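Asker: Got a structure here, written out as structure tokens. Questions coming.
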Amino acid sequence: MSKKTETNPYTEPFFEGAKNGKLMMPYCRDCEKFFYHPRVLCPQCTKSDVEYREVEKSGSIVTFSVLYRAPTERFEKELPYAFGVIKLNCGVQMLLRIEGDLPSIAVGNSGSVDFREQHGKVLPVFVPGQAS
Amino acid sequence: MPDENHVGKEEVSFMKPSIVYAAVLPPKRYKEYSRMDMYGMLFQQFARETGVSKNDIEAAFVTAHSFGMAEEQIIDYLKLSPKRCAAFDVGGATTLFMLKQAMTLIESGEIKNAVILGAGKFDDVDREMALLSTSHPDFEAFAGPSMPGYYALFAQRYMHDFALTEEELALVSVAQRKWANLNEDAFMYEKPLSVQDVVSSPYIATPFRLFDCSIPLSGGGLVFITAEKTKNPVYLKGYGEAHRYGFITTNEDFTSTSAVKSGARAFDSAEISHDDIDVLEIYDAFSICPVILLEDLGFYEKGKGIEFYKKGRGEPGGDLPLNTYGGLLSFGHPGMPAGFHVFVEGVRQLQGSCGKRQVKNAKTALVHCYGGMFANHITTILTNEQ
């Protein structure tokens with residue numbers, strides 16, 4: 001079963017950017033900081049003086065896990081696969097699928113975000129070693 | 001001869017709520033029973049053992065269900081008419097949260113007693129719903145994370161930062177199994193476990209192998225709290241709660257949790273020190289959890305928690321017994337009501353009713369539970385001394 005990712009005016013620029021290979025992040029003009037996940041307000045100041053800016057795709061692995069059991073049936077055919085928390089150079093963290101040779105994935109690996117069509121949507125993944 | 005001080009003490013002791021009954025439904029598969037039937041089984045045992053009539057129950061709190069209505073279910077199934085009734089959800093910490101609500105309401109004089117209960121079927125969950133509720137549905141779920149995977153993020157980073165090995169981590173599950181082997185109600189009662197068994201079991205979510213993970217089963221528990229004087233009372237001496245992040249993406253520390261704050265708050269309110277603790281009951285959905293929590297709660301420096309296991313301190317015969325019922329790792333994990341397994345054992349150790357696994361002269365217990373993806377932490381300190 002594939003769930004449709006719901007978009008709304010606050011999240012749509014992120015997914016629209018992904019379709020064009022761009023990593024678009026919400027930026028609070030008041031706090032002068034990026035935040036993620038996209039939402040109605042800036043979670044720091046709770047105001048809505050927010051715009052989307054394109055950011056560098058480079059970052060590094062904070063932590064990760066390689067799964068040998070899938071959370072649900074729709075992921076079973078992809079096993080084994082890695083996912084992890086990625087710290088981007090713009091300051092935010094993302095939870096992403098990590099591509100590449102599984103045994104060589106390690107905490108601290110740098111790389112960059114790329115986009116893949118998954119389950120009928122264009123979504124971000126992290127590719128260790130790849131320069132943005 | 002009436003003495004003013006004596007009379008004053010009597011009044012205080014009457015109003016001070018205590019936990020007088022605590023029991024679990026031993027975790028199994030219970031395929032033939034609904035969750036409501038499990039509430040019924042818990043309640044029947046409670047009424048039989050205490051003689052309390054359901055008509056005298058003034059509050060009933062229950063762990064919430066994914067699609068709600070747990071409060072309606074217990075009212076309907078048991079035909080209760082309490083002054084207060086609600087379903088709560090703080091994940092695995094819900095039991096301790098409900099305990100605090102019950103205690104506070106009794107202390108305020110609003111109610112005289114409360115029953116808190118929960119039943120879960122963690123072996124029969126809608127996996128799609130579990131994924132979309134433990135993860136941000138739009139910004140995390142697409143990566144395909146799992147619950148073991150989320151906790152593995154902590155283990156991976158911890159092992160990286162503090163050079164903890166898989167063999168060392170395996171000591172946690174082995175220690176739990178030793179307690180389970182003393183507890184007939186534990187799912188793994190008859191099965192021994194060695195470090196070799198753990199490190200040769202299949203990977204679930206690296207670095208976790210099968211035996212680093214608790215056993216999803218059905219079960220639950222029921223606790224009764226009252227302002228009336230009864231035998232074997234257990235008191236809530238300290239309580240601390242703390243929250244830091246929601247979804248895992250924004251967590252900025254994978255080797256430490258908000259148990260640092262909940263633990264400090266609990267010790268402050270109890271006005272005791274770590275040396276006063278006789279027994280520990282710490283929620284252990286995965287092997288890394290008690291290692292991190294022993295540090296966060298102030299028993300070890302960061303990175304040194306595994307020393308507790310290397311010295312066998314928490315095992316049967318050790319100087320600071322930990323998870324004396326076998327832990328969720330070897331006793332079984334029923335989902336949100338798992339806090340009952342952890343908490344009930346703390347109460348029963350202080351009541352002296354644990355048989356072969358009884359900790360001698362246990363007077364003070366620390367019970368710690370967490371909810372979410374290691375996000376919501378509650379620490380309680382219990383005592384059987386007034």
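The values are calculated or read from the model by the stated rules, or taken from the named source; none is laboratory data. Note that the coordinates shown come from a computational prediction; the quantities given were computed from them, not determined experimentally. Neighbour counts run over all protein chains shown; Cβ positions are idealised from the backbone, glycine included. Surface accessibility is based on the protein's heavy atoms, side chains included, excluding ligands, DNA and RNA. Shrake-Rupley method; radii C 1.70, N 1.55, O 1.52, S 1.80 Å.
Asker: Give a quick list of trypsin sites (Lys or Arg not before Pro) in region B:306-364 that DSSP marks as loop, anything other than H, G, I, E or B, with at most 11 other Cβ atoms within 10 Å.
Answerer: Taking region B:306-364 and a limit of 11 other Cβ atoms within 10 Å, the loop trypsin sites (Lys or Arg not before Pro) found are B:K360.
Asker: Still on this structure: Under 12 Å between alpha carbons, and skipping anything fewer than 8 positions from A:K19 in its own chain: which aspartates and glutamates qualify?
Answerer: Once the sequence-local aspartates and glutamates are set aside, what remains near A:K19 is A:D114, A:E117.
Asker: Work out the charge dipole of chain B with +1 on the Cβ of Lys and Arg and -1 on the Cβ of Asp and Glu about the Cα centre, then indicate which of B:C213, B:T165, B:L80 is farthest towards its positive end.
Answerer: In chain B, that residue is B:L80.
Asker: Now a separate question. State whether region B:172-330 is rounded, prolate or oblate according to the following rule on the C-alpha gyration tensor (a ≥ b ≥ c being the square roots of its eigenvalues): a/c under 1.5 gives rounded; otherwise a/b larger than b/c gives prolate, and the remaining case gives oblate.
Answerer: Because a/c hits 1.5 or more and a/b fails to exceed b/c, region B:172-330 counts as oblate.
Asker: Work out how much length A:A106 to A:R74 would gain on full extension: take 0.36 nm times their residue separation and subtract the Cα-Cα distance, in nm to one decimal.
Answerer: Taking A:A106 through A:R74 to full extension adds about 8.9 nm, to one decimal.
Asker: May I pose another question? Which pairs, out of B:K121/B:K231; B:K112/B:K363; A:K87/B:K178, put more than 30 Å between their alpha-carbon atoms? Can you show the working numbers first?
Answerer: Numbers: B:K121/B:K231 33 Å; B:K112/B:K363 25 Å; A:K87/B:K178 40 Å.
Cα-Cα > 30 Å for B:K121/B:K231; A:K87/B:K178; rest within.
Asker: State, to one decimal in nm, how far the label point of B:N232 lies from the label point of B:E184, with both points 7 Å from Cα in the Cβ direction.
Answerer: Taking the simple label geometry, B:N232 and B:E184 are separated by 1.6 nm.
Asker: Enter the Cα centre distance for the pair region A:18-77 and region B:137-183, rounded to the nearest angstrom.
Answerer: Going from one Cα centre to the other spans 25 Å.
Asker: Viscosity 1.567 mPa s, temperature 4 °C: give me the Stokes-Einstein translational D for region B:275-325 in µm²/s, with Rh taken as the Kirkwood radius over C-alpha pairs.
Answerer: Values: Rh = 11.0 Å.
Estimated via Stokes-Einstein, D reaches 118 µm²/s.
Asker: Region B:285-386: which GluC sites (Glu not before Pro) are DSSP loop and have at most 12 other beta-carbon atoms within 10 angstrom?
Answerer: Answer in residue order: B:E301, B:E385.
Asker: Please turn the phi angles of region A:11-23 into ³J(HN,Hα) values with the Karplus equation 6.51 cos²θ - 1.76 cosθ + 1.60 (θ = phi - 60°), one per residue in order, whole Hz, x for glycine and proline.
Answerer: 9, 4, x, 4, 6, 5, x, 4, 4, 9, x, 10, 9
Asker: Where a Cα-Cα gap under 12 Å defines reach, which aspartates and glutamates qualify for B:K83, not counting those fewer than 8 residues away within the same chain?
Answerer: B:K83 reaches B:D56, B:E58, B:E110.
Asker: Now a separate question. Looking only at Cβ-Cβ distances, which cysteines of chain A have no other cysteine closer than 4.7 Å?
Answerer: A:C45, A:C90
Asker: With all distinct Cα pairs included, what does the Kirkwood hydrodynamic radius of region A:86-132 come out to in Å, to one decimal, could you say?
Answerer: 11.3
Asker: Quick check: Cα centre of region B:32-47 to Cα centre of region B:293-317, how many Å?
Answerer: 37
Asker: Additional query: Could you give the accessible area per residue of chain A, probe 1.4 Å, as a whole number in Å²?
Answerer: Per-residue value: 48 Å².
Asker: Helix-only mean residue ellipticity at 222 nm, the protein assembly as shown, DSSP H runs n ≥ 4 weighted -39,500 (n - 2.57), per residue, nearest 500. What is it?
Answerer: -8500 deg cm²/dmol
Asker: Residue by residue, what Karplus-based ³J(HN,Hα) values in Hz, rounded to whole numbers, does region B:76-87 have, using 6.51, -1.76 and 1.60 with θ = phi - 60° and x for Gly and Pro?
Answerer: Once rounded to whole Hz, the list reads 5, 5, 9, 6, 8, 9, x, 6, 9, 7, 7, 9.
Asker: When chain A is modelled as a GNM with alpha-carbon springs shorter than 10 Å, which of A:N20, A:N109, A:N89 fluctuates the most?
Answerer: Among A:N20, A:N109, A:N89, the largest GNM mean-square fluctuation belongs to A:N20.
Asker: Just to verify a number: FRET efficiency for B:Q101 and A:C31, C-beta to C-beta distance, R0 = 35 Å, to 0.05?
Answerer: My answer for the efficiency is 0.45.
Asker: Within region B:348-386, name every residue whose backbone N is under 14 Å away from a label modeled 7 Å from Cα of B:S133 along the Cβ vector.
Answerer: Of the residues in region B:348-386, B:372-373 have backbone N under 14 Å from the label point off B:S133.
Asker: Taking the Cα centre of chain B as origin, work out the dipole magnitude from +1 charges on Lys and Arg Cβ and -1 charges on Asp and Glu Cβ, in debye rounded to 20.
Answerer: In total the dipole reaches around 700 debye.
Asker: Charges only on Cβ, +1 for Lys and Arg, -1 for Asp and Glu: so what's the dipole of region A:66-120 about the Cα centre, in debye to the nearest 20?
Answerer: 160
Asker: A further question follows. What span do the alpha-carbon atoms of chain B cover on each of the three principal axes, reported in whole Å from largest to smallest?
Answerer: If we take the Cα atoms of chain B, the spans are 66, 44, 41 Å.
Asker: Once you charge only the Cβ atoms, +1 for Lys and Arg and -1 for Asp and Glu, what is the size of the charge dipole of region A:1-72 about its Cα centre, to the nearest 20 debye?
Answerer: 320
Asker: Sort largest first and round to whole Å: the equivalent ellipsoid semi-axes of the protein assembly as shown, each the square root of five times a Cα gyration tensor eigenvalue.
Answerer: After diagonalising the Cα gyration tensor, the semi-axes are 42, 26, 22 Å.
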